[in-house]
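Below you'll find the structure, written out as structure tokens, and then a few comments.
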Amino acid sequence: MRTPRLEINLDKIEHNARVLVERLKLLGISVTGVTKAVLGSPEIAHSMIRGGVIALGDSRVENIETMGKNKVSAPMILIRTPMLSQVDRIVSFTDVSFNSEIEVIRRISASAKNMNKMHNIILMVELGDLREGIMPGDIDNIVHQVIQLPNINLKGIGANLACRNGVSPDEINMSELSDIVSKIENKFEIHLETISGGNSANLNWAFGCSNVGRINNLRLGESILLGLEPLCNQPIHELYTDAFELVTEIIESKTKPSVPWGKMALTAFDKIDVLTGKKYISQSILPIGHQDIDPNGLTSPVGVSIIGASSDHLIVESIDGKLSVGDEIRFKVNYSALLRAMTSPFIKKEIL
Ligand SMILES: *Cc1c(COP(=O)(O)O)cnc(C)c1O
């Protein structure tokens with residue numbers, strides 16, 4: 001079989017989605033499956049839908065277009081605030097978009113009016129992680145303007161934590177979101193249908209808190225794809241953490257000194273510090289590098305450890321004897337390695 005390849009187990013992804021959907025349903029929370037890490041892969045999107053997600057979310061309209069062209073039928077949500085230069089595409093291909101700029105919403109309104117369509121908006125609120133979102137003090141003013149715009153339906157409110165600064169979703173910031181929802185509903189006499197509380201980093205809060213308040217939706221990517229809870233990087237009970245595996249073959253294998261020689265200067269990438277007491281090691285090279293994966297995001301099999309990487313070489317040491325040219329090595333990937341592997345045209349995506 002061709003290498004390097006990323007083996008993708010659709011049944012495991014479907015299982016992960018189903019378990020999370022069922023557990024969250026008990027709390028009155030629906031799941032939007034997030035496909036950005038897999039470039040809107042139609043097969044993976046179908047697995048998420050089979051697992052019970054009610055909608056698909058992606059940060060890139062290009063991925064949403066890919067899914068649409070491949071007959072993925074689910075409500076499509078753009079989960080990043082639109083670029084002004086893509087507004088028409090977003091109105092054409094998505095049902096809902098997340099927004100934090102009134103100027104953009106005005107343009108969406110004009111575009112939707114032109115196309116004689118309604119477009120749904122979720123307003124994002126800043127709760128402390130300092131990525132996207134309207135400051136809580138400004139939200140009333142924005143809602144006031146949004147509800148007057150033609151061809152725009154204010155479908156709900158959302159927030160995103162953890163992705164930039166690692167601020168954790170907790171009872172305090174999540175109740176703040178619920179309070180904002182109630183205040184807007186009372187003040188403007190409207191009903192907000194979707195309260196999208198966050199991403200995979202919200203799972204510990206959701207399963208641990210006594211009351212989820214008004215939050216009735218979460219957007220899950222990493223937890224469905226990798227079975228991991230991102231705040232502590234812990235496996236989630238009864239989920240698969242190996243739905244994706246990277247397989248690549250050895251192109252050089254030699255006994256080499258463990259320490260380089262010659263006058264040393266900078267390299268293009270950070271060096272991986274290797275502590276070895278040995279003078280000579282069994283060193284092998286695999287034909288993938290920073291262009292294809294995050295070397296720090298790979299978990300190597302027992303007996304093999306990653307000791308270096310450049311753009312297109314990954315250097316490993318094998319502890320139990322020498323590996324041979326052509327031998328296949330199998331790695332688990334974290335979110336960062338998965339993102340890059342999916343994006344690299346050099347890695348074949350092998351659906352199982
Ligand atoms: C990426 C993203 C998600 C999904 O995050 P995971 O940690 O993969 O679950 C949800 N919401 C927004 C706005 C995102 O950008």
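Taken together, the values in this text are just the output of simple stated rules run on the coordinates, not laboratory data. Since this is a predicted model, take the numbers as computed values, not measurements. As a convention, Cβ positions derive from the backbone with ideal geometry for all residues, glycine included, and neighbour counts pool all protein chains shown.
Observations, loosely collected:
- Of the chymotrypsin sites (Phe, Trp or Tyr not before Pro) found in the stretch 208-266, the ones in coil according to DSSP and having at most 11 other Cβ atoms within 10 Å of their Cβ are Trp261.
- Point-to-point label distance, Val259-Lys117, nm (Cα→Cβ direction, 7 Å offset): 6.4 nm
- Rounded FRET efficiency, nearest 0.05, which uses the C-beta distance separating Asp140 from Ser336 and R0 of 41 Å: 0.60
- Label-point separation in nm, Ser182 to Arg60, each point 7 Å along Cα→Cβ: 4.1 nm
- Potential extension, Glu189-Asn165 segment - 0.36 nm per residue separation minus Cα distance: 5.2 nm
- For the pair Ser30 and Phe346, a Förster radius of 35 Å applied to the C-beta separation gives a FRET efficiency near 0.40, rounded to the nearest 0.05.
- Net length gained if the chain between Glu43 and Glu252 were fully extended (0.36 nm per residue, minus Cα distance): 71.8 nm
- Amide N proximity, the stretch 187-211 versus Ile102 label position 7 Å along Cα-to-Cβ, cut-off under 20 Å: 187-190
- Entries in Lys271/Lys322; Lys25/Lys348; Lys279/Lys348; Lys25/Lys332 that, when Cα-Cα distance is taken, lie over 32 Å: Lys25/Lys348; Lys279/Lys348
- Positive minus negative residues near Ser109 (Lys, Arg vs Asp, Glu; Cβ under 15 Å): +2
- Cα centroid separation, the stretch 35-70 to the stretch 318-336 (Å): 31 Å
- Cβ-based net charge around Ser100, under 12 Å, with every Lys or Arg adding one and every Asp or Glu removing one: -3
- Neighbour-count order for Glu43, Glu238, Glu132, fewest beta carbons within 10 angstrom listed first: Glu238, Glu43, Glu132
- Shape summary: the stretch 25-104 maps onto an equivalent ellipsoid whose semi-axes, from the alpha-carbon gyration tensor, are 22, 16, 9 Å in decreasing order.
- Label separation (Ser310 vs Ser210): 6.0 nm, computed from points 7 Å beyond Cα along the C-beta direction.
- Förster radius 25 Å - calculated FRET efficiency between Lys71 and Ile147, Cβ distance, rounded to 0.05: 0.15
- Counted charge near Arg50, where neighbours are those whose Cβ lies closer than 15 Å (Asp, Glu -1; Lys, Arg +1): -1
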